[in-house]
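What follows is a set of notes on a single structure, which appears directly below.
Readers should treat all values here as calculations from the given coordinates under stated rules, not as data from a laboratory. It should be emphasised that the depicted structure is a prediction, and the values quoted were computed from it without experimental measurement. So basically every Cβ, Gly included, is an ideal-geometry build from the backbone, and we count neighbours across all protein chains shown.
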Amino acid sequence: MDYQKHLKILKETLEQHKITPENLREKRKSFKEFPKQINNRVVDAFQSFAPFDRAPVWMMRQAGRYLPEYREIKAEMDFFATCQNPFIAAEITLQPTKQFDIDAAIIFSDILVLPKMMGMEITIEEKKGPVIANPLVTPDDIQKLHPPNPEHLEHVYDALFLTRLALQGKCNLIGFCGAPWTVFAYMVEGGSSKLFSKVKKWLYLYTEGSLQVLELLAKESAKYLINQVKQGGAQVVQIFDSWAGQIPALDYIEFIIPSLRILFEDFKKECPDTPLIMFAKDQNDKKVIIEFLKLTYNDKPLVDGFQLDSNVSDETLIKIIEGNRTIQGNLEPGVLFGTPAIIKKRISQMIEKLQTTRRYIVNLAHGLTPDHEVEKVRLFVQESQRQSKLYKAKEILE
Ligand code: CP3
């Protein structure tokens with residue numbers, strides 16, 4: 001397949017830097033300095049003293065099937081093939097930055113890329129989502145897992161590198177990975193699940209084995225994120241724990257946070273200045289946030305910011321603000337199906353509530369889906385920026 005014809009946004013960058021499939025790796029490894037950062041709003045949202053005109057905006061799953069230009073590529077390529085081709089992954093990452101005036105690009109990849117490289121046989125099937133042919137059934141299966149061959153993840157760092165070059169400092173670049181618990185849930189359930197009974201059985205019955213896999217995933221995820229920053233040029237990292245809310249806060253604190261701590265600490269030892277955002281979806285209980293806030297290394301926070309879903313309580317918000325951490329979120333993406341009037345109203349309510357801290361990044365409560373309309377997404381971005389500026393001006397007057 002001639003994938004080169006799809007490289008529309010990236011084309012100029014490749015010509016300018018004379019990058020070809022043959023020399024890409026070598027170019028990355030010998031590269032010295034990325035273009036100067038013109039828009040640093042997302043990184044600045046982690047420092048209370050940085051200049052501020054408005055809150056930054058980006059959206060989870062901003063690259064994907066609701067974009068016609070993504071569907072055009074996907075019509076010809078399998079999902080993991082798009083992730084594994086650094087040129088295509090960079091092109092898809094850049095697509096929403098051409099459509100909208102967003103302040104960050106998140107690398108086009110998937111949380112399942114890492115377990116795929118650790119021995120899980122994963123495919124993404126239309127309408128079903130991820131399907132794993134060899135799920136973990138009993139603790140004996142743990143032996144089937146192996147650390148990923150570092151070479152097999154280099155394409156992600158290549159894609160980050162190409163994207164960072166092409167962005168020319170116009171917005172920040174975010175790297176990510178899945179949280180150990182969510183990745184483990186896929187490895188045991190064999191795909192998406194409604195009840196999560198298999199992974200719950202593992203956690204409460206095969207507790208030792210579960211903790212062993214969680215720790216292995218934590219260590220490998222940390223290495224993966226460190227490389228995304230050091231090799232690829234990611235400027236912020238986010239950890240997606242999409243199934244965090246499947247277990248009570250008590251169990252999350254006892255069984256899950258210890259492995260996350262390993263991940264955070266390994267990462268911060270190597271990348272102390274790279275902001276880390278945690279997304280523990282549906283696990284916004286104040287008790288859990290307090291546990292995250294307690295985690296430090298060399299007296300510096302391990303978690304710099306929290307992606308919040310729409311059900312966050314005032315008590316949790318206060319704890320985060322008092323802890324000098326960044327808030328990211330939290331508009332219910334379903335609102336974007338609504339009329340312009342309701343979209344504007346809900347954005348206004350969100351900003352009134354969350355922009356009370358300088359450390360704020362506008363985002364959704366979870367990802368965009370294939371049925372979102374490009375024009376409504378554009379309205380979200382434009383309106384959030386407009387209202388954020390207005391709110392800031394009002395604050396100065398008061
Ligand atoms: O723009 C971005 O946000 C970057 C890309 C991104 C993808 N997946 C691309 C993708 C990111 C950040 C993810 C993370 C991810 N993947 C999560 C955490 C966030 C969340 O949504 O809860 C999870 C749970 C997964 C696992 C996964 N991958 C699922 C459940 C699915 C199928 C669901 C679907 O949308 O079809 C995938 C496949 C996937 N990952 C797609 C995309 C664009 C769809 C594949 C396709 O186009 O056929």
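Karplus-based coupling profile of the stretch 17-28, in residue order and whole Hz: 9, 6, 9, 10, x, 6, 9, 3, 4, 5, 4, 4, with θ = phi - 60° in 6.51 cos²θ - 1.76 cosθ + 1.60 and x standing for Gly or Pro. Listed by chain and number, the aspartates and glutamates whose C-alpha is less than 19 Å from the C-alpha of Lys287, apart from same-chain residues fewer than 8 away, are Asp241, Asp251, Glu254, Asp304, Asp309, Asp314, Glu315, Glu322. Around the amide H of Leu173, modelled in the peptide plane, lie the amide H atoms of Ala105, Gln235, Val236, all under 5 Å away and 5 or more residues distant in sequence or on another chain. The C-alpha atoms of the stretch 76-155 occupy a region whose extents along the principal axes are 50, 31, 24 Å, arranged from largest to smallest.
So what is the calculated 222 nm ellipticity per residue for the chain, using -39500 (n - 2.57) for each DSSP H run with n of 4 or more, over all residues, to the nearest 500 deg cm²/dmol? Provide the component values of the computation, followed by the final result.
Details: 16 runs with 173 residues, N = 398.
Taken over the chain, the calculation gives -13000 deg cm²/dmol.
When the chain is fully extended, how far beyond the present Cα-Cα distance does Thr123 get from Asn298, taking 0.36 nm per residue of separation? Write down the numbers at each step before the final one.
Details: separation 175, 0.36 × 175 = 63.00 nm, distance 4.10 nm.
Residue separation times 0.36 nm, minus the Cα-Cα distance, leaves 58.9 nm.
Structure shown: which of Lys32/Lys98; Lys230/Lys268; Lys8/Lys170 lie over 24 Å apart, alpha-carbon to alpha-carbon?
On the way: Lys32/Lys98 26 Å; Lys230/Lys268 12 Å; Lys8/Lys170 18 Å.
The pairs that break the limit, which is 24 Å between Cα atoms, are Lys32/Lys98.
Cα centroid separation, the stretch 132-204 to the stretch 312-331: 27 Å. Pairs of alpha carbons in the stretch 23-115 separated by more than 17 Å make up 61% of all such pairs. Residue-wise HN-Hα couplings along the stretch 359-366, as the Karplus relation 6.51 cos²θ - 1.76 cosθ + 1.60 with θ = phi - 60° gives them from phi, are 8, 9, 10, 6, 7, 8, 7, 8 Hz; Gly and Pro carry x.
Only loop residues by DSSP count here, and only those with at most 12 other Cβ atoms within 10 Å; note down the GluC sites (Glu not before Pro) in the stretch 336-387 that meet that.
Values: sites: Glu352, Glu373, Glu375, Glu383; in loops: Glu373.
Taking the stretch 336-387 and a limit of 12 other Cβ atoms within 10 Å, the loop GluC sites (Glu not before Pro) found are Glu373.
The phi-based Karplus calculation (6.51 cos²θ - 1.76 cosθ + 1.60; θ = phi - 60°) puts the 3J(HN,Hα) values of the stretch 219-230 at 5, 5, 5, 4, 4, 4, 5, 4, 5, 4, 7, 6 Hz, whole numbers, x for Gly and Pro.
Between amide H atoms placed 1.01 Å from N, distances below 5 Å from Ile361 occur with Ile327, Gln328, Gly329, all of them 5 or more places distant or on a separate chain.
Straight Cα distances below 17 angstrom link Lys353 to the lysines Lys319, Lys344, Lys345, Lys389, Lys392, Lys394, with same-chain residues fewer than 8 positions distant left out.
Which value, in debye to the nearest 20, describes the size of the charge dipole of the chain about its Cα centre when Lys and Arg Cβ atoms bear +1, Asp and Glu Cβ atoms bear -1, and nothing else is charged? Intermediate results must be reported in sequence, preceding the final value.
Values: 52 positive and 52 negative charges, 183 e Å.
The calculated dipole for the chain is roughly 880 debye.
Cut-off under 16 Å on the C-alpha distance; same-chain residues fewer than 8 positions from Lys36 excluded. Which aspartates and glutamates are left, in chain and number order? Within reach: Asp44, Asp103. Residues considered: Asp282, Asp314, Asp299. Largest GNM mean-square fluctuation over the chain, using C-alpha springs under 10 Å, is found at Asp299.
Applying Stokes-Einstein at 37 °C and 0.692 mPa s to the Kirkwood radius of the chain, computed over alpha-carbon pairs, gives a translational diffusion coefficient of 153 µm² s⁻¹.
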